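Any read-out appearing in this document is the output of simple, stated calculations on the displayed coordinates, not a laboratory observation. Note that the structure is predicted; figures quoted are calculated from it, not measured. When we count neighbours, we look across all protein chains shown, and the Cβ atoms used for this are built from the backbone with ideal geometry, even at glycine.
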Amino acid sequence: MTQFLAAKSIILIGTFMALFFAETIYPKVRRRLGPDRYISNIGLWAFTVPLSALVVIPLTAFAATQAFWTQPVLLAPSINLLLNLILLDLFLYWSHRAFHEFDILWRFHAVHHLDQTLDTTSAVRFHFGEVFISALLRAAFVFVMAIPLTTVIIFEVLVLISAMFQHSNLRLPKNFEEGLRKLIVTPSHHWVHHHPGPDTQKHYGTISTVWDRLFGTWSQTKRDENMPIGIDDHQDVPIADLLIRPFKDQSKLMSADDMGGENDLS
Ligand SMILES: [Zn+2]
């Protein structure tokens, strides 16, 4: 378990640095970014890292090891692993969709969507409340489906790599990305999900794009380099306001959001 978690940390830090470096050299969108946005994204991450270590990981480990039944071994271990990974990805599709469709969940997820451009740091921009609620939902699913702990850890690594990749501002060859997105969520696919308006209710997939085709959330919008990113009529706010935003009266938020203007198109 400890070795798994150490390997996970090394893989994730390596992926983060590689993508951050790559998107700086080959950016898809050129924007001048102020320091406030990085403070928000990394600052929110600083809250979720200890939460992960102290609550999320123990909770997930408990759910995976204390399930009241064991999955029967009917297939080869690799097929079993693949099926469980697909099952978890399907669960995340509906979990992400629920965070958009239920107001009580959206108030937390909106913190992620208020980012007014995207890059690798957006992948770690989540309110600690969302991370906690997601962990509870996922633990319940893992417990009910009796998904083995090693499968859950492998899935977590894949999700984090996928999240960094799809939020990144990396310029990819067009045909390569179009081919890849038939199965895998790519930056162009996920940036459309961050496009204000109806597209925010599209492209909920986390690893695979198959669920968006299957459940009617595939958008025909093509990402273009000047496409706005964020939430309609809301600007980003400093990190102190992001932390308390989900607990505020939502009807009063529109006038309170006032940090906009730092991200200028160049
Ligand atoms: Zn979303």
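Ranked highest first by the average count of other Cβ atoms within 10 Å around their residues, in what order do 121-133, 43-55 fall? Let's see the in-between values first.
Numbers: 121-133: 21.2, 43-55: 14.8.
Top to bottom by mean Cβ count within 10 Å: 121-133, 43-55.
Sorting H100, H109 on the 10 Å Cβ count, fewest up front, what's the list? Walk me through the numbers before you get to the answer.
Values: H100 18, H109 21.
With the fewest neighbours first, H100, H109 line up as H100, H109.
Roughly how many debye, to the nearest 20, is the charge dipole of segment 148-216 about its Cα centre, given +1 on each Lys and Arg Cβ, -1 on each Asp and Glu Cβ, and no other charges? Please list the in-between numbers first.
Values: 6 positive and 5 negative charges, 35 e Å.
The calculation lands at about 160 debye.
What per residue convex hull volume, in Å³, do the alpha-carbon atoms of segment 1-133 yield? Intermediate values should be presented prior to the final figure.
Details: hull volume 21.0 nm³, N = 133.
Dividing the Cα hull volume of segment 1-133 by its residues yields 158 Å³.
Is the shape of the chain rounded, prolate or oblate, going by the alpha carbon gyration tensor and its root eigenvalues a ≥ b ≥ c, with a/c under 1.5 for rounded and a/b larger than b/c for prolate?
Values: a/c = 1.63, a/b = 1.38, b/c = 1.18.
In terms of gyration-tensor shape, prolate.
Would you mind classifying segment 87-241 by shape? Square roots of the alpha carbon gyration tensor eigenvalues, ordered a ≥ b ≥ c; an a/c under 1.5 is rounded, otherwise it is prolate if a/b is larger than b/c and oblate if not. Don't skip to the end; give the middle numbers.
Details: a/c = 1.62, a/b = 1.16, b/c = 1.39.
Verdict is oblate for segment 87-241.
Among W211, W191, W106, W94, which comes first, then next, by fewest other beta-carbon atoms within 10 Å? Kindly include the intermediate steps, with their values, before the conclusion.
Working: W211 23, W191 26, W106 18, W94 15.
Going from sparsest to densest Cβ surroundings: W94, W106, W211, W191.
From the square roots a ≥ b ≥ c of the eigenvalues of the alpha-carbon gyration tensor of segment 109-201, which class results: rounded (a/c under 1.5), prolate (a/b over b/c), or oblate?
Oblate, since a/c reaches 1.5 and b/c is not below a/b.
Anyone know which of I42, I79, I207 comes out most mobile in the 10 Å Cα GNM of the chain?
Checking each option, the largest mean-square fluctuation is seen for I79.
Which of A139, I153, I184 sits farthest toward the positive end of the charge dipole of segment 130-202, with +1 on the Cβ of Lys and Arg and -1 on the Cβ of Asp and Glu?
I184
Sorted by average packing, counted as other Cβ atoms within 10 angstrom per residue and highest first, what order do 56-66, 162-172 take? Present the calculation step by step, with values, prior to reporting the outcome.
On the way: 56-66: 17.1, 162-172: 22.4.
Descending packing order for the listed peptides: 162-172, 56-66.
Measure off 7 Å from each Cα along the Cα-to-Cβ vector at K8 and N226, then give the distance between these two points in nanometres to one decimal.
Distance between label points: 4.4 nm.
Hey, can you grab everything whose amide H is under 5 Å from the amide H of L170? Only 5+ residues off in sequence or another chain; H modelled, so Pro and N-termini drop out.
The answer is K28.
Could you size up the charge dipole of the chain around its Cα centre, putting +1 on the beta carbon of Lys and Arg and -1 on that of Asp and Glu, and report it in debye to the nearest 20? Numbers along the way, then the final one.
Details: 21 positive and 24 negative charges, 130 e Å.
Dipole of the chain, to the nearest 20 debye: 620 debye.
Between segment 1-45 and segment 146-183, what's the alpha-carbon centroid distance in Å?
Cα centroid of segment 1-45 versus Cα centroid of segment 146-183: 14 Å apart.
Name the residues whose placed amide hydrogens come within less than 5 Å of the amide hydrogen of I184, ignoring near sequence neighbours (fewer than 5 apart) on the same chain.
T209
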